[in-house]
Amino acid sequence: MLNTVTIIWSLVSWTMKMAGVKLCTVEIEPGTIMWFWVPSETTSKHKPEAISKLVKPVVVLLHGFCGDGLATWQFQITTLAKNYVVYVPYLIFFGGSTTDKLDRSLAFQVECLVAGLRKLNVEKCVVVGFSYGEMAAFKMAEMYSELVLVVVVTGSVLAMTESMVSSALKDVGFSSCS
């Protein structure tokens, strides 16, 4: 009997490889490992010279709570990879990303994510978050402003503040949502 999830995973993984991204694991610290879909050029032991050859802007796609990086972003990865250097992490406890630490805070999640990106030689990035990923994106920008150039969020009701909404409305010339 065939496992349809295995077949779909294999097809999507092949599509990602054709788009120029590969799955790799990064040891954040002993006991903590994160999976990342990364540009194929960076997988050769994450050499700094490999990433420096990539002159496109770096985009990090953060998935929501009820999914993983590939399930959430599979259709965007192939398109974005044409013009951007795309990284798609599996946040801790999603996909193969695990830790033996007891900390379950959003700050810990972001610390692991940033440590992984730094090990992959990412110096600046645009962070795109969906649902839980948008909460991580906002926290990442708050904690590591030197790393995050721009935050793009969707499904962001959880972390949007009134001042963010007011500022966005003012920027487009409106005083209220209605």
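Each reported figure results from applying straightforward, stated rules to the coordinates on display, with no laboratory input. This one's a predicted model, so the numbers in the text were calculated from it and none came from an experiment. Counting neighbours? That spans all protein chains shown, and the Cβs are built from the backbone with ideal geometry, glycine included.
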Under 10 Å, Cα contacts only: if you run a Gaussian network model on the chain, which one of S145, S131, S166 comes out with the highest mean-square fluctuation? S166
First check a/c for region 19-171, with a ≥ b ≥ c the square roots of the eigenvalues of its C-alpha gyration tensor; if it is under 1.5, answer rounded, and if not, answer prolate when a/b is larger than b/c or oblate otherwise. oblate
Sequence of K139, K82, K101, K22 once ranked by neighbouring C-beta atoms within 10 Å, starting from the fewest: K82, K101, K22, K139
What is the distance, in nm, between label points placed 7 Å from the Cα along the Cα-to-Cβ direction at T15 and at L102? 4.2
Cut-off is 10 Å between beta-carbons; in what order do Y132, Y144 appear when sorted fewest neighbours first? Y144, Y132
For the chain, modelled as a Gaussian network with Cα springs under 10 Å, which listed residue fluctuates most, T98, T161, T72? T161
Can you flag which of K82/K119; K56/K101; K17/K101 are past 29 Å Cα-Cα? K56/K101; K17/K101
